[in-house]
1. DSSP loop (so not H, G, I, E, B), at most 15 other Cβ within 10 Å: list which chymotrypsin sites (Phe, Trp or Tyr not before Pro) in the range 15-124 pass both filters.
2. Cα axis of helix 29-38 to longest principal axis of the chain: angle in degrees, 0 to 90, nearest 10?
3. PRE reach from ILE177 (point 7 Å along Cα→Cβ): which of the range 1-24 fall under 14 Å by backbone N?
4. Which residue, GLN81, GLY104, LEU94, has the largest displacement toward the positive end of the dipole of the range 77-122 when charges sit on each Cβ (Lys, Arg +1; Asp, Glu -1)?
5. Mean residue ellipticity at 222 nm from the helices of the chain, using -39,500 (n - 2.57) per DSSP H segment of n ≥ 4 over the full residue count, to the nearest 500 deg cm²/dmol?
6. Could you size up the charge dipole of the chain around its Cα centre, putting +1 on the beta carbon of Lys and Arg and -1 on that of Asp and Glu, and report it in debye to the nearest 20?
7. Could you tell me what percent of the DSSP beta bridges with both partners in the chain are antiparallel, to the nearest 5?
8. Could you pull out the pairs from LYS97/LYS166; LYS37/LYS119; LYS4/LYS38; LYS64/LYS147; LYS110/LYS166; LYS37/LYS166 whose alpha carbons sit more than 32 Å apart here?
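Read-outs: derived from the displayed coordinates by stated rules, not from any lab. In this text, all values refer to a predicted model and were calculated from it rather than measured experimentally. Virtual Cβ from ideal backbone geometry, glycine too; neighbours counted across all protein chains shown.
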Amino acid sequence: MLQKLPLANLIFLDVETVPQHANFKDLDEEWQELWAKKSAYQRKDQFTPEAFYDRAAIWAEFGKIICISVAYINPDTNYRQLRVTSFAGEEADLLKKFKNILEGHFAHRKYVLCAHNGKEFDFPYIARRMLIHGITLPEKLNLFGKKPWEIPHLDTMDLWKFGDFKHFTSLKLLTKIFGIPSPKDDIDGSQVRDVFYNDQNLERIIQYCEKDTIAVAQLVLKMRGEALLEEHEIITV
């Protein structure tokens, strides 16, 4: 049961991704062809590969991570303080920093990664981008040979499915249902590419990523039947 999992053992996280390049035309001919083939099923006849390229961020082969936000609940405050930090900027550098905390402070097997739709997106995306950069995977992302119950991942979307594999529920909808302050009060995921490439405003994306991470932590509290954290109990470090 979720209530039996110590709150202090959860590492809440969210990632923000963008296409590898600002524009489709920045890809060489081979990359353009590979993108056309990769996206063909999703595009069908409605979009050209170029018109569909702004969605390249969702594939680790054609996108990149520009921010990872991480949060954990401090047990020394009677579990009423959430500490949030972010790694942003050049991808290889932020991935190495994220790996360092997984192999440092959070190395013990008791710690569990927690994200919304993390099993389908955040966790595999991070792992794939690490391998692309030649970064060896930390134990918590190296799933080869592990049994399902040995994988230290918790997914709030999985928790809400209750075994219904057809069911997808966005984080925005769940925050609305449970009365959690919306993380989408400024931008949403569809705007991240433009904010990064056109506005060149990474700080705005970091704030958005941190809000998503906080929302995941608040959602877990609600699912456990516990009170939401107040604004003064959330600390950015």
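1. Counting only loop positions with at most 15 other Cβ atoms within 10 Å, the chymotrypsin sites (Phe, Trp or Tyr not before Pro) in the range 15-124 are PHE47.
2. Once rounded, one gets 60 degrees.
3. Those under the cut-off are none; the list is empty.
4. Ranked along the dipole, the leading option is GLN81.
5. Numbers: 9 runs with 84 residues, N = 237.
That calculation yields -10000 deg cm²/dmol at 222 nm.
6. The calculated dipole for the chain is roughly 980 debye.
7. Close to 60 percent.
8. On the way: LYS97/LYS166 35 Å; LYS37/LYS119 25 Å; LYS4/LYS38 42 Å; LYS64/LYS147 29 Å; LYS110/LYS166 30 Å; LYS37/LYS166 26 Å.
Check vs 32 Å cut-off fails for LYS97/LYS166; LYS4/LYS38.
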